[in-house]
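A.B. asks: Right, I'll just put the structure down here and ask away after.
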Amino acid sequence: MAIRYLNKGVSLKEKGLHAEALENFKKAEDHSWSASSPALLATVMQNLGEMLQTMGDEDEAFDQYSHAVEKLERLVEGNSSFKEQLAITLSKYGSMLVDRGKEAEAKAVYEKATVLYRELRREFPRNVQIRSNMVSTLNNLGGLLADMGLIDEAQWKFEKALKMLDNKQC
């Protein structure tokens with residue numbers, strides 16, 4: 001049942017029917033807790049967090065991302081195929097931490113995401129999506145570092161992102 005509600009929620013979200021999508025994501029979450037797949041639960045939580053954020057419920061979205069990060073971190077320990085999903089979720093979570101004024105925590109979260117992206121880039125050097133997500137995370141981290149007054153470190157992150165954009169490997 002959880003997969004059915006998740007898929008329906010994704011479809012409704014793509015159609016712009018946010019309230020209906022949210023309802024389906026919540027049903028998917030209810031069902032996924034009893035499912036035997038922690039990966040399904042993490043995916044549902046991530047989608048629910050995105051939908052809540054889109055609808056402006058920042059507090060609930062923050063909680064969802066926090067839970068999704070915890071779940072995905074445990075999944076990655078046993079199965080590295082969840083690295084990309086964790087890196088994406090960490091990057092979004094980092095942005096939410098910045099918005100809440102938790103710069104030091106956001107910095108640590110962004111750095112975790114960049115480590116994962118670096119590992120993923122070694123595994124999949126030609127994957128454009130991974131490179132694009134890493135560039136975005138490096139830019140977000142660079143902006144945060146600049147705001148924190150860590151100009152040299154910020155410059156290094158920005159230069160790394162620019163170098164990746166100029167890289168013709170992909």
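The values are calculated or read from the model by the stated rules, or taken from the named source; none is laboratory data. For clarity, every value in this text was computed on a predicted model and none was experimentally measured. Cβ placement follows ideal geometry from the backbone for every residue including glycine, while neighbour counts extend to all protein chains displayed. Keep in mind that these areas ignore ligands, DNA and RNA; they rest on the heavy atoms of the full protein, side chains included. Shrake-Rupley method; radii C 1.70, N 1.55, O 1.52, S 1.80 Å.
A.B. asks: Is the shape of the range 75-170 rounded, prolate or oblate, going by the alpha carbon gyration tensor and its root eigenvalues a ≥ b ≥ c, with a/c under 1.5 for rounded and a/b larger than b/c for prolate? Mind dumping the intermediate values first?
C.D. replies: Details: a/c = 2.42, a/b = 1.20, b/c = 2.01.
Here the range 75-170 falls in the oblate category.
A.B. asks: Excluding ligands and nucleic acids, what accessible area in Å² is computed for VAL135 using a 1.4 Å probe, to the nearest 10?
C.D. replies: Answer for VAL135: close to 10 Å² accessible.
A.B. asks: Can you give the convex hull volume of the alpha carbon atoms of the chain per residue, in Å³?
C.D. replies: 117 Å³
A.B. asks: So, one more: Suppose we keep just the alpha-carbon trace of the range 1-102; what are its Rg and Dmax in angstrom?
C.D. replies: According to the Cα coordinates of the range 1-102, Rg and Dmax are 13.1, 38 Å.
A.B. asks: Nearest 20 debye, what's the magnitude of the dipole of the range 25-134 about its Cα centre given +1 on Lys and Arg Cβ and -1 on Asp and Glu Cβ?
C.D. replies: Using only the charged Cβ atoms, the result is roughly 600 debye.
A.B. asks: List the lysines whose Cα sits under 24 Å from the Cα of LYS27, skipping any in the same chain fewer than 8 residues away.
C.D. replies: The reachable lysines, counting only those whose Cα sits under 24 Å from LYS27, are LYS8, LYS13, LYS15, LYS71, LYS92.
A.B. asks: What range in the chain is the longest one free of trypsin sites (Lys or Arg not before Pro) that are in a loop by DSSP and have at most 16 other Cβ atoms within 10 angstrom?
C.D. replies: The segment 16-99 is the longest one with no such site.
A.B. asks: In square angstrom, what is the accessible area per residue of the chain with a 1.4 angstrom probe?
C.D. replies: 53 Å²
A.B. asks: What are the aspartates and glutamates whose alpha-carbon lies under 18 Å from the alpha-carbon of LYS107, with same-chain residues fewer than 8 places away excluded?
C.D. replies: GLU70, GLU73, ASP99, ASP147, ASP152, GLU153, GLU159
A.B. asks: Per DSSP helix of 4 or more residues, -39500 (n - 2.57); summed, then divided by the residues of the chain. What does that give at 222 nm, rounded to the nearest 500?
C.D. replies: Estimated from H runs of four or more residues: -28000 deg cm²/dmol.
A.B. asks: Next up: Projecting each Cα onto the charge dipole of the chain (Lys/Arg +1, Asp/Glu -1 at the beta carbon, about the Cα centre), which of TRP33, TYR65, TYR117 comes out farthest on the positive side?
C.D. replies: TYR117
A.B. asks: Just in the range 1-50: which chymotrypsin sites (Phe, Trp or Tyr not before Pro) are loop by DSSP and have at most 14 other Cβ atoms within 10 Å?
C.D. replies: Hits after loop and neighbour filter: TRP33.
A.B. asks: Let me ask something else. So if I take the alpha carbon set of the range 53-114, get Rg, then get Rh from the Kirkwood formula, what is the Rg over Rh ratio?
C.D. replies: So for the range 53-114, dividing Rg by the Kirkwood Rh gives 0.98.
A.B. asks: Between GLY149, GLY49, GLY94, find the one with the highest GNM mean-square fluctuation for the chain; connect C-alpha pairs within less than 10 Å.
C.D. replies: GLY149
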